[in-house]
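Reading through the C-alpha cells given below for one structure.
The values are calculated or read from the model by the stated rules, or taken from the named source; none is laboratory data. Keep in mind that what you see is a predicted model, and the values were worked out from it rather than measured. With ideal geometry, Cβ positions are generated from the backbone for all residues, glycine too; neighbour counts draw on all protein chains shown. With ligands, DNA and RNA removed, areas are computed over all heavy atoms of the protein, side chains included. Shrake-Rupley method; radii C 1.70, N 1.55, O 1.52, S 1.80 Å.
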Amino acid sequence: MPTETVYGLAADASNEAAIARVFALKGRPADRPLIVHLGDAEWVGQWARDVPSYAQLWMQAFWPGPLTLVLPKQPGVSGLITGQQETVAVRVPNHPLALTLLQAFGGALVAPSANRYGQISPTSAEAVRHAFGQDAPWVLDGGPCSVGIESTIVACVDDAPEILRLGAISRQDLMAVADVVVHTPQQRSALIAPGQAAVHYAPQTTCRMVSHEALNAWHDQTQPVGVLSFQALDWSPTLHQVLPADPILAAREVYAALRQLDQAGLELILVEQPPQGDDWDAIRDRLQRATV
Ligand code: TXA
Ligand code: MG
C-alpha cells in the first residue's frame with residue numbers, strides 16, 4: 001500500500017499467518033519489529049496502553065502523518081509484530097488510499113517498507129514491483145510518495161521520550177507541541193532500538209560520501225562513476241543525479257535517485273555530503289547508512 005513516506009508491505013495485524021508471510025517475503029529477521037498502521041487515532045487503545053499525555057498531544061498534532069510512536073503494548077498484540085518486546089509501534093499514515101484501505105478493512109495493518117530486507121525503501125509502485133520481481137504482491141498504486149523517507153520513530157515508554165529514527169517530523173517539531181525533552185538518536189540507549197543497524201537502506205553498488213570539494217576534484221574516471229549531489233559539478237560523471245537544495249523536496253527524490261544510480265551498472269557512486277543544518281538531519285542519516 002502507498003503511504004506518504006514510502007510504500008508498505010501490508011498485512012492484517014490480527015492474523016499471524018499473514019504477518020509471517022510479510023517476514024518471509026521481505027527476508028526480514030524475526031527480531032525486527034513491525035509498525036502497526038491504524039485508520040484512525042481512536043484505534044490506538046486496541047494496540048497500546050499507558051499512552052503518555054505528551055504522546056497524545058503528538059497524535060493530535062501530527063496524525064495522520066509521518067510519525068510513529070512506540071508505546072507499551074496491549075497484552076493481545078502478537079509477539080510476531082513486536083519482536084517479542086513489550087512495546088508496539090503505531091502510526092496513522094497520511095495518504096488517501098492508505099486511509100481508505102484501512103477504514104474499508106476496518107482493522108490495523110502491519111506494513112514494513114515494501115523492499116527486500118536491507119535494500120532501499122520504495123517510493124513508487126514501480127519500485128515495489130522491481131523489488132519483488134516474480135514474487136511481487138498486489139500493488140496498490142498511489143503515485144509517488146510525497147514525503148519520501150520513512151517516518152520519524154519516537155519511543156514513548158516513560159517521561160523521557162527518545163527519537164529512534166529521524167524523519168520529516170523533527171525533534172524541534174515534537175518539542176514545540178509538548179512540554180517534554182526529546183532525546184536524539186545519538187544519546188540513544190541500545191535498549192529499545194533493535195534493527196537500527198548502521199548500514200541499512202543500502203544500494204548494491206559501492207557508495208562513498210565525500211565533501212563538495214573532494215567531489216569536484218574527483219579525477220579518476222577510469223571506471224563508470226555515478227554522482228548524487230546537491231550542487232552542479234565541474235565534470236560529467238557517467239550518471240549524475242542532482243537533488244533539490246531544499247530538504248523537503250530532496251527527501252521526496254532521494255531514494256528514487258539512489259535507485260536509478262544503483263541500477264545503472266556503475267562501479268562507484270559518490271554521494272555529496274548534505275548541506276549543514278538540522279533540516280538535513282534525516283537525509284544525512286539515510287545517506288550515511290547508504291554509504292561506507
Ligand atoms: O514510514 C514508515 O514508517 C514506513 C511506512 C510503510 O509506514 N514503514 C517502515 O517500516 O519504515 P520498517 O519496518 O521498514 O521500519 C520499522 C522500524 C524498524 O526499524 C523497527 O525496528 C522499528 O520500526 N520498530 C518497530 N516496532 C518497534 C518497537 N516496538 N520498538 C522499537 N522499534 C520498533
Ligand atoms: Mg524498512
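Restricting to the stretch 75-91, name every residue that is without any contact (Cβ under 8 Å) to a residue 24 or more places away in the chain and open to solvent by 40 Å² or more (accessible area, probe 1.4 Å).
Pro75, Gly76, Glu86
Hey, can you tell me all the residues within the stretch 42-60 that are over 19 Å from Glu86 (Cα atoms) and open to solvent by 40 Å² or more (accessible area, probe 1.4 Å)?
The answer is Glu42, Ser53, Gln56, Leu57, Gln60.
Being within 11 Å of Thr3 (Cα to Cα) and either near ligand 1 (Cβ under 8 Å from one of its atoms) or in contact with a Leu (Cβ under 7 Å, 6 or more places away or on another chain) (or both) is the filter here, so list the residues in the stretch 64-90 that pass it.
Pro64, Pro66, listed by residue number.
Could you list all residues from the stretch 231-255 that are closer than 14 Å to Leu287 by Cβ and either of a type in the set (S, T, N, Q) or surrounded by 19 or more Cβ atoms within 10 Å (Cβ to Cβ) (or both)?
Gln241, Leu243, Pro247, Ala250, Ala251, Val254, Tyr255
Looking only at residues that are more than 16 Å from ligand 2 (Cβ to nearest atom) and β-branched (Val, Ile, Thr) in the stretch 131-159, which one is most open to solvent (accessible area, probe 1.4 Å)?
Checking each candidate, the answer is Val157.
What's the total number of residues in the stretch 98-130 that are more than 30 Å from Asp50 (Cα to Cα), out of contact with any helix residue (DSSP H, G or I) (no Cβ under 9 Å at 6 or more places or on another chain) and open to solvent by 30 Å² or more (accessible area, probe 1.4 Å)?
2
Considering only residues of the stretch 186-217 that are within 16 Å of ligand 2 (Cβ to nearest atom) and under 18 Å from Thr87 (Cβ atoms), which is modelled with the highest pLDDT?
Checked the stretch 186-217; the qualifying residue modelled with the highest pLDDT is Gln196.
Residue-wise test of (1) farther than 30 Å from Leu258 by Cβ; (2) away from ligand 2 (no atom under 15 Å from the Cβ); (3) part of a loop (DSSP other than H, G, I, E, B); (4) under 21 Å from the mean Cα position of the chain (by Cα).
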{"site": "Leu69", "(1), (2), (3), (4)": "no, yes, no, yes"}
{"site": "Gln85", "(1), (2), (3), (4)": "yes, yes, yes, yes"}
{"site": "Ala104", "(1), (2), (3), (4)": "yes, yes, no, no"}
{"site": "Asn115", "(1), (2), (3), (4)": "no, no, yes, yes"}
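So which of Arg284, Arg259 ends up being within 21 Å of Gln172 (Cα to Cα), charged (D, E, K, R) and either touching a Ser or Thr at 6+ places or on another chain (Cβ under 6 Å) or modelled with pLDDT of 95 or more (or both)?
After ruling out the rest, the residue left standing is Arg284.
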